[in-house]
Amino acid sequence: MEHYTMNLNLKVWKQKNAASKGKFETFEVKDISSEMSFLEMFDVLNERLINEGKEPVAFDHDCREGICGMCSMYINGRPHGPWHGTTTCQLHMRAFKDGDTIVVEPWRANAFPVIKDLMVDRTAFDRIIQAGGYISVNTGNAVDGNAIPIEKEHADKSFAAAACIGCGACVAACKNSSAMLFVSAKVSHLALLPQGDPERKTRVLNMVTQMDKEGFGACTNTGACEAVCPKEISIANIARLNGEYTMAALSADNSHD
Amino acid sequence: MKWSEIFTSSVGKKLVMGLTGLFLISFLVVHVGINACIWANDDGAMFNRAAHFMGSSYVIRILEIGLMAGFLIHIIQGLVLEFQNRSKRTVGYQVNLGNRGSKWYSRSMGLLGTLILLFLIIHLSQFWYPNRSHQGWLLGEELNLFDRMKTTFSELWVVIIYVLGCFSLCWHLVHGFQSAFRTLGVSNNRYLSMINNIGIGFSVIVSLVFAMMPVSMYLGWV
Ligand code: HEM
Ligand code: SF4
Ligand code: FES
């Protein structure tokens, strides 16, 4: 594709801290290269703002290669912008044309409070993982990866679910602010493998309990999460979680003897 | 794990919606089947016999209480779910994702359900309530429901409300039918696409057949 430069109007959410109200501010950026990433475009803007002695726009980022899940931005009404299966850091400016106005908002969900500008607090996800998104193993020599045979289909599905980077786009897109795609990816990843089996029931029960405690909504299977997920996590994982949860809840025994 | 904990969790609430939703779907099958007897071309004889069967036995009357309970649980849980889910995002977006991420009807289940509820109130007050109170709420003499349908559906505005009610039902079920199976844990994509197609077919056919009842009476086809 031909290289080109563009001038853009950015309408960006600015908010001093979690307690303040916040509002949109408009910025003009000039001579943006079509080869830049979306975050590099923000770097250009921020360098200019800093040189002018103004406050830069705060945004989260880390790997800038689509694997850490930090770069949460709601761009023109879509988490991570217009490209399918792409994080904001992998979104390139060739997705836009000269003269475009781009509206950039933080993730909106009460469970993800805004820290500053475009940065939100996603530690709710960490607490959900702590509630059960792991397997318990004894330390010692590493076990041979192929010691336990695993059905190919399960291995593939588990691997696909494990691709979730915990970015929170699913919550941001969902009309119910539901975290079910994220939680179901984590539950499926482990439930499909023999290593995840011993803690299979407590895992799903504890993770759903924590998810509810964090203030995410209930899933109504609208599919918005799947449509925006940068890792294309399948919504079938949510159905799997529902089944896992129901079986675990119904088979739980209350007596302790 | 206590039952109360299971059914008040986010997944459990959906389970309640799915189970009651499927129960209501099974009721629709019976209802649409019996009502289709109006097209037997016998001035309502077959239809009135079928209606008499439904109105003259304590077994059916007890099932009717179960049906009421199913409706109430589905409606109350549905509205609670809708409002709880809405409360999870106090500050909204300037630009919305809209139809780029999901179908409009999947996002409008609360609204479509409420329209069905309004329709149900009108519908019950036109047929169920007069008939059951005429019966003294026990197994007394029934009204001639076929004649009652004919007079009720001679008014255009009633026919329009019924058609709109069926329209809401259709979209509610196009999403609801397959959603209920997902809620119950069907995660196999082969079956999910089958269920989706069956759901669309079911929703369109049932809603269309229901809608044709007032229409054909208004137009004098029966
Ligand atoms: C009368 C008022 C009604 C209200 C207020 C209502 C409301 C709702 C709501 C809010 C949902 C959950 C949203 C979702 O799953 O996406 C739902 C789901 C559903 N509804 Fe209704 N509804 C009503 C009537 C009906 C009727 C008459 C039927 C069928 C005959 C029905 C069948 C279903 C089904 C199958 C689901 C899917 C459950 C699931 O996803 O697990 N509903 N309804
Ligand atoms: S499921 Fe997809 S959208 Fe949700 S947190 Fe994981 S990677 Fe992000
Ligand atoms: S910065 Fe790591 S995924 Fe975008």
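Only one residue in B:47, B:71 is surrounded by 15 or more Cβ atoms within 10 Å (Cβ to Cβ), in contact (Cβ under 8 Å) with a residue 12 or more places away in the chain and over 19 Å from the mean Cα position of the chain (by Cα). Which one?
Matching residue, one of B:47, B:71: B:47.
Here's a check for you: in the stretch A:156-168, which residue that is touching a residue at least 40 places away in the same chain (Cβ under 8 Å) and over 12 Å from the mean Cα position of the chain (by Cα) is nearest to residue B:11 (Cα to Cα)?
Selected residue: A:161.
Please determine, by comparing only the residues of the stretch A:147-160 that are in contact with a Leu (Cβ under 7 Å, 6 or more places away or on another chain) and either closer than 24 Å to residue B:87 by Cβ or not β-branched (Val, Ile, Thr) (or both), which one is nearest to the other protein chains (Cβ to nearest Cβ).
So, considering only residues that are in contact with a Leu (Cβ under 7 Å, 6 or more places away or on another chain) and either closer than 24 Å to residue B:87 by Cβ or not β-branched (Val, Ile, Thr) (or both), the one nearest to the other protein chains (Cβ to nearest Cβ) is A:157.
Hey, does the stretch B:20-35 have a residue that's more than 16 Å from ligand 3 (Cβ to nearest atom), closer than 30 Å to residue A:211 by Cβ and open to solvent by 70 Å² or more (accessible area, probe 1.4 Å)?
Looking for residues that are more than 16 Å from ligand 3 (Cβ to nearest atom), closer than 30 Å to residue A:211 by Cβ and open to solvent by 70 Å² or more (accessible area, probe 1.4 Å), one finds at least one in the stretch B:20-35, hence yes.
Evaluate the following for residue A:103: is it away from ligand 3 (no atom under 13 Å from the Cβ), farther than 14 Å from residue B:97 by Cβ and touching a residue at least 60 places away in the same chain (Cβ under 8 Å)?
Here the answer is no, as residue A:103 does not meet what is asked.
Which one is farthest from residue A:218 (Cα to Cα), of the residues in the stretch B:86-127 that are aromatic (Phe, Trp, Tyr) and within 12 Å of chain A (Cβ to nearest Cβ)?
Per the stated criteria, the residue is B:93.
Does any residue of the stretch A:220-234 turn out to be within 16 Å of ligand 1 (Cβ to nearest atom), out of contact with any helix residue (DSSP H, G or I) (no Cβ under 6 Å at 6 or more places or on another chain) and among the charged types (D, E, K, R)?
Yes, the stretch A:220-234 contains at least one residue that is within 16 Å of ligand 1 (Cβ to nearest atom), out of contact with any helix residue (DSSP H, G or I) (no Cβ under 6 Å at 6 or more places or on another chain) and among the charged types (D, E, K, R).
In the stretch B:167-222, which residues are within 10 Å of chain A (Cβ to nearest Cβ) and of a type in the set (Val, Ile, Thr)?
The answer is B:183, B:186.
Let's see how each residue does on (1) assigned to a loop (DSSP other than H, G, I, E, B); (2) more than 13 Å from chain B (Cβ to nearest Cβ); (3) in contact (Cβ under 8 Å) with a residue 24 or more places away in the chain:
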{"residue": "A:170", "(1), (2), (3)": "no, no, yes"}
{"residue": "A:176", "(1), (2), (3)": "yes, no, yes"}
{"residue": "A:184", "(1), (2), (3)": "no, no, yes"}
{"residue": "A:202", "(1), (2), (3)": "no, no, yes"}
{"residue": "A:227", "(1), (2), (3)": "no, no, yes"}
{"residue": "A:248", "(1), (2), (3)": "no, no, yes"}
{"residue": "A:254", "(1), (2), (3)": "yes, no, no"}
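Here is a list of conditions, (1) under 30 Å from residue A:36 (Cα atoms); (2) open to solvent by 40 Å² or more (accessible area, probe 1.4 Å); (3) among the basic types (Lys, Arg), and residue A:175 meets all of them except one; can you say which number that is?
Exception for residue A:175: condition (1).
Being within 16 Å of ligand 2 (Cβ to nearest atom) and either open to solvent by less than 40 Å² (accessible area, probe 1.4 Å) or more than 30 Å from residue B:52 (Cα to Cα) (or both) is true for just one of B:113, B:101. Which residue is that?
Going through B:113, B:101 in turn, the sole match is B:101.
What are the residues in the stretch B:51-92 that are modelled with pLDDT of 95 or more, of a type in the set (Gly, Ala, Ser) and part of a helix (DSSP H, G or I), if any?
B:66, B:69, B:70, B:78
Take the stretch B:141-155 and flag every residue that is over 18 Å from residue B:42 (Cα atoms) and open to solvent by 70 Å² or more (accessible area, probe 1.4 Å).
Selection gives B:141, B:154, B:155.
For the stretch A:106-130, give me each residue that is open to solvent by 20 Å² or more (accessible area, probe 1.4 Å) and farther than 18 Å from residue A:19 by Cβ.
Selection gives A:122, A:126, A:127, A:129, A:130.
From (1) more than 26 Å from the chain's Cα centre (by Cα); (2) modelled with pLDDT of 95 or more; (3) not polar (S, T, N, Q), pick out the condition that doesn't hold for residue A:1.
If we test residue A:1 against (1) more than 26 Å from the chain's Cα centre (by Cα); (2) modelled with pLDDT of 95 or more; (3) not polar (S, T, N, Q), just (2) comes out false.
Before we move on, is residue A:211 assigned to a helix (DSSP H, G or I), more than 10 Å from chain B (Cβ to nearest Cβ) and away from ligand 3 (no atom under 16 Å from the Cβ)?
no
Only residues that are closer than 16 Å to residue A:183 by Cβ, open to solvent by 20 Å² or more (accessible area, probe 1.4 Å) and either at pLDDT below 95 or more than 16 Å from ligand 3 (Cβ to nearest atom) (or both): list them for the stretch A:226-242, please.
Correct list: A:226, A:234, A:240.
When residues of the stretch B:1-18 are filtered for being free of Cβ contacts under 8 Å to residues at least 40 places away in the same chain and open to solvent by 20 Å² or more (accessible area, probe 1.4 Å), how many remain?
Residues in the stretch B:1-18 being free of Cβ contacts under 8 Å to residues at least 40 places away in the same chain and open to solvent by 20 Å² or more (accessible area, probe 1.4 Å): 7 in total.
The values are calculated or read from the model by the stated rules, or taken from the named source; none is laboratory data. Since the structure is predicted, the reported quantities are computational estimates derived from the model, not experimental observations. Virtual Cβ from ideal backbone geometry, glycine too; neighbours counted across all protein chains shown. Note: areas computed on protein heavy atoms with side chains; ligands, DNA, RNA excluded. Shrake-Rupley method; radii C 1.70, N 1.55, O 1.52, S 1.80 Å.
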